[in-house]
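Trainee: Just passing along the structure, written as C-alpha cells.
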Amino acid sequence: MVALLACLLVAPLHAAPAYALLGREAPDFALHALVGGNVRLSEHRGDVVVVTFWGSRCSTCRAPLAALDALFATYQSAGLVAVGVGVDDNANASREFAQSVRVRFPMLMDPDKGVARDWQVDTLPMTVFIDRSGKVRAVTRDVGKNAEAVYRSEIRPLLDE
Amino acid sequence: MPNIDGTRVAHTSWVRRWSVAFALSGAALLATPAAWSEPPAEGVAPPAVTAPAPAPAPQPTASAPAAATDAPAAPSDTRGLDSEVQDLKKDVVDLNKDLFVLEEELLFPANTQVAVFLSMDVGSFFALDTVQLKVDNKEVANYLYTPREAEALLKGGVQRLYLGNLKLGQHELVAFFSGKGPGNGENDRDYTRGASVKFEKTVGAKYLELKITDRQRKAQPEFEIKDWD
C-alpha cells in the first residue's frame with residue numbers, strides 16, 4: 001500500500017510532460033543570428049531540423065549544445081539542420097554565450113520570447129525535433145549527460161524516413 | 001514574427017493551404033484504402049516525447065491466395081487510378097490559382113491597391129538584414145532576410161514586400177534598411193539608412209520599388225524608391 005502511494009506520488013514528477021505541438025506543424029519563425037546567418041524555419045522544409053532553446057544563465061545548456069554540434073557535424077551532409085535559439089532579454093549576454101560555446105550551427109536570438117511562446121518552451125534546455133515534412137516529432141527536456149545518445153536516437157530515424 | 005504582411009495575407013495563405021489540403025486528402029482517401037484506418041495513438045516515452053512515425057505501407061504476403069489471384073489485374077487498375085489522381089491534383093492546383101487571383105482582386109481592388117517591391121543590384125557595399133516599411137508613419141512591414149533570400153535578391157529576384165490598400169490622395173512611404181557594410185569582412189559595420197517618397201494615389205493600382213544599388217564612385221550603397229507610374 002505504501003509502495004503504491006509512493007509510486008503515485010513520485011511517478012508524475014519523473015514523467016515527461018506532454019508537448020502540445022507534437023505531431024503538428026512546427027510554427028514558422030525568422031530570427032536574427034548571433035552566430036551564423038539569419039534563419040527562417042520554412043526555408044528548411046525537406047530537412048530534418050533540430051531546434052534547441054537555451055539561455056545564457058542556464059548552466060545545463062552547454063552540454064546539450066556540444067552534443068548537438070557533434071551530431072550536426074556528422075549528419076549535416078545527410079540533411080540535418082540544427083539551430084540554437086537564445087531566449088535572453090540581454091543581447092550582449094546572449095552574444096557572449098553563443099560565441100563561447102563555439103558550435104557550427106546558427107545561434108539565434110529571441111529577445112522578446114515570441115518564438116519561445118509559440119513553441120511552448122517550459123524549461124531550458126529544451127530540444128525539438130522536426131521531420132522533413134515540417135512536423136514536430138519529438139521533444140526532449142534536460143537530458144543531462146546522455147544528450148548525444150538521446151539526440152542520436154531521435155535524429156537517426158528521422159533522417160532515414 | 002518579423003514578417004508582418006498583415007492578416008489578409010496570412011488568411012490568403014491559410015485558405016490556399018486548406019483548399020489544397022482538403023482536395024489532396026480526398027485524393028489520398030480515394031487512392032489508398034489503407035488511409036481509412038485510424039492513425040496510431042500518440043505515445044509518451046520519457047525522456048523524449050515522441051510523435052508516432054508515419055505508418056509503413058502494408059506489405060504483400062506470399063501466403064494470401066486472394067492477393068495472388070488479383071495480381072494480374074492490379075497494374076492497369078493502379079495506372080488508371082494514378083492518372084485520375086494526377087488529374088485531380090492538377091485541377092486542385094488550377095482551382096487554387098484561380099481562387100488566389102480572385103481573392104487578391106477582392107481584397108486589394110485596383111482603385112485602392114498599393115504594392116511595394118524590393119530589388120537589389122550588385123550589393124558589394126551592403127549586406128541586407130532587415131527592411132522596415134512605414135506608410136503615413138504607420139509600420140506596415142518589417143522583414144528579416146536570411147542569407148538565401150538576400151542571395152536570391154542579388155541574383156535579380158524582386159520581392160513583393162507589401163500589398164495593401166490606400167485611399168486616393170497624398171501619402172508618404174518611408175523605408176529603413178539595416179544591414180552590414182561598407183567594409184571588408186570583419187570590418188563590416190552595422191549600417192542603417194532610410195529613404196522616403198511622397199506619392200499621389202490615383203485611380204488604378206500603385207506600384208513602388210525600393211532599389212538598393214552600389215554607388216561605385218563613392219563606394220557606398222544607394223537606396224532609392226522608384227514610382228512605376
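Trainee: What are the residues in segment B:212-229 that are within 18 Å of residue B:163 (Cβ to Cβ) and either in contact (Cβ under 8 Å) with a residue 60 or more places away in the chain or surrounded by 12 or more Cβ atoms within 10 Å (Cβ to Cβ) (or both), if any? Let's see the steps before the verdict.
Mentor: At the first step, the residues of segment B:212-229 found to be within 18 Å of residue B:163 (Cβ to Cβ) are B:225-229.
Listed by number, the residues that qualify are B:225, B:226, B:227.
Trainee: Find the residue count for segment B:151-167, including only residues that are open to solvent by 20 Å² or more (accessible area, probe 1.4 Å) and either without any contact (Cβ under 8 Å) to a residue 40 or more places away in the chain or within 18 Å of the chain's Cα centre (by Cα) (or both). I'd like the intermediate steps shown before the answer.
Mentor: Restricting attention to segment B:151-167, the residues satisfying the condition of being open to solvent by 20 Å² or more (accessible area, probe 1.4 Å) are B:151-152, B:154-160, B:162, B:165-167.
Right, trim to either without any contact (Cβ under 8 Å) to a residue 40 or more places away in the chain or within 18 Å of the chain's Cα centre (by Cα) (or both) and you get B:151-152, B:154-160, B:162.
Here the count works out to 10.
Trainee: Of all residues being assigned to a helix (DSSP H, G or I) and open to solvent by less than 60 Å² (accessible area, probe 1.4 Å) in segment A:123-158, which is nearest to residue A:58 (Cα to Cα)? Just the residue, please. So that I can check it myself, show each step before the final result.
Mentor: Pass one, segment A:123-158, residues assigned to a helix (DSSP H, G or I): A:144-158.
Of the ones still in play, those that are also open to solvent by less than 60 Å² (accessible area, probe 1.4 Å) are A:144, A:147, A:150-151, A:154-155, A:158.
Working: A:144: 12, A:147: 15, A:150: 20, A:151: 19, A:154: 23, A:155: 24, A:158: 28 Å.
Within segment A:123-158, the match that is nearest to residue A:58 (Cα to Cα) is A:144.
Trainee: Can you tell me which of (1) in contact with a helix residue (DSSP H, G or I) (Cβ under 7 Å, 6 or more places away or on another chain); (2) surrounded by 14 or more Cβ atoms within 10 Å (Cβ to Cβ) is the one residue A:116 doesn't meet?
Mentor: Condition (1) is where residue A:116 drops out.
Trainee: In addition: Within segment A:67-78, can one find any residue that is aliphatic (A, V, I, L, M), more than 11 Å from every other protein chain (Cβ to nearest Cβ), in contact with a strand residue (DSSP E or B) (Cβ under 6 Å, 6 or more places away or on another chain) and more than 22 Å from residue B:179 (Cβ to Cβ)? Spell out the reasoning first.
Mentor: Keep residues of segment A:67-78 that are aliphatic (A, V, I, L, M), which gives A:67-68, A:70-71, A:73, A:78.
If we keep only those that are more than 11 Å from every other protein chain (Cβ to nearest Cβ) too, we end up with A:67-68, A:70-71, A:73, A:78.
Pick out the ones that are also in contact with a strand residue (DSSP E or B) (Cβ under 6 Å, 6 or more places away or on another chain) and you get A:68.
Next, from what is left, pick out any that are more than 22 Å from residue B:179 (Cβ to Cβ): A:68.
So far as segment A:67-78 goes, yes, one or more of its residues are aliphatic (A, V, I, L, M), more than 11 Å from every other protein chain (Cβ to nearest Cβ), in contact with a strand residue (DSSP E or B) (Cβ under 6 Å, 6 or more places away or on another chain) and more than 22 Å from residue B:179 (Cβ to Cβ).
Trainee: A further question on this structure: Give all pairs with beta carbons closer than 9 Å in which a residue from segment A:115-135 that is among the small types (Gly, Ala, Ser) meets a residue that is open to solvent by 50 Å² or more (accessible area, probe 1.4 Å) and not in a loop (DSSP other than H, G, I, E, B); count only pairs at least 6 apart in sequence or on separate chains.
Mentor: Listed by first residue and then by second, the contacts come to A:133/A:25; A:134/A:25; A:134/A:42.
Trainee: Further question on the same structure: Mind checking which residues of segment A:22-37 are outside any loop (DSSP other than H, G, I, E, B) and either facing chain B (nearest Cβ under 7 Å) or without any contact (Cβ under 8 Å) to a residue 60 or more places away in the chain (or both)? First the steps, then the outcome.
Mentor: Going through segment A:22-37, the residues outside any loop (DSSP other than H, G, I, E, B) turn out to be A:25, A:30-31, A:33-35.
Hit for segment A:22-37 is A:30, nothing else.
Trainee: Right, something else. Just for segment B:199-211: of the residues that are of a type outside the set (Ser, Thr, Tyr) and part of a strand (DSSP E or B), which one is surrounded by the fewest Cβ atoms within 10 Å (Cβ to Cβ)? It would help to see each step written out before you state the result.
Mentor: Taking segment B:199-211 as the starting set, the residues that turn out to be of a type outside the set (Ser, Thr, Tyr) are B:199-201, B:203-206, B:208-211.
Checking the rest, the ones that are also part of a strand (DSSP E or B) come to B:199-201, B:206, B:208-211.
Working: B:199: 18, B:200: 11, B:201: 18, B:206: 20, B:208: 22, B:209: 16, B:210: 23, B:211: 16.
Per the stated criteria, the residue is B:200.
Trainee: With at pLDDT 85 or above, closer than 19 Å to residue A:134 by Cβ and open to solvent by less than 20 Å² (accessible area, probe 1.4 Å) as the only criterion, which of A:67, A:26 stands out?
Mentor: Values: A:67 fails: closer than 19 Å to residue A:134 by Cβ.
Unique residue meeting the criteria: A:26.
Trainee: Taking the options A:83, A:103, name whichever one is surrounded by 14 or more Cβ atoms within 10 Å (Cβ to Cβ), within 14 Å of chain B (Cβ to nearest Cβ) and within 15 Å of the chain's Cα centre (by Cα).
Mentor: On the way: A:103 fails: within 14 Å of chain B (Cβ to nearest Cβ).
Going through A:83, A:103 in turn, the sole match is A:83.
Trainee: While we're on this one: Hey, can you tell me all the residues within segment A:52-93 that are assigned to a helix (DSSP H, G or I) and among the polar types (S, T, N, Q)? Spell out the reasoning first.
Mentor: As a first pass, look at segment A:52-93 and keep what is assigned to a helix (DSSP H, G or I): A:59-78, A:91-93.
Correct list: A:59, A:60, A:74, A:76, A:77, A:92.
Trainee: Something else: Restricting attention to segment B:112-150, and to residues there that are open to solvent by less than 40 Å² (accessible area, probe 1.4 Å), within 14 Å of chain A (Cβ to nearest Cβ) and of a type in the set (A, V, I, L, M), which single residue is farthest from residue B:198 (Cα to Cα)?
Mentor: Selected residue: B:150.
Trainee: Something else: For the subset of segment A:38-59 comprising residues that are in contact (Cβ under 8 Å) with a residue 12 or more places away in the chain and surrounded by fewer than 17 Cβ atoms within 10 Å (Cβ to Cβ), which member is nearest to residue B:179 (Cα to Cα)? Break it down into steps so the answer makes sense when it comes.
Mentor: Just the residues of segment A:38-59 that are in contact (Cβ under 8 Å) with a residue 12 or more places away in the chain, to begin with: A:38-42, A:44-58.
Right, trim to surrounded by fewer than 17 Cβ atoms within 10 Å (Cβ to Cβ) and you get A:42, A:45-46, A:57.
On the way: A:42: 22, A:45: 26, A:46: 29, A:57: 29 Å.
Per the stated criteria, the residue is A:42.
Trainee: Restricting attention to segment B:194-229, report how many residues are out of contact with any Leu (no Cβ under 9 Å at 6 or more places or on another chain) and aliphatic (A, V, I, L, M).
Mentor: Counting residues in segment B:194-229 that are out of contact with any Leu (no Cβ under 9 Å at 6 or more places or on another chain) and aliphatic (A, V, I, L, M) gives 2.
The values are calculated or read from the model by the stated rules, or taken from the named source; none is laboratory data. Remember, predicted model here, so these are calculated numbers, not experimental data. Backbone-built Cβ (ideal geometry, glycine too); neighbour counts: all protein chains shown. Calculation scope for accessible area: heavy atoms of the full protein, side chains included, ligands and nucleic acids excluded. Shrake-Rupley method; radii C 1.70, N 1.55, O 1.52, S 1.80 Å.
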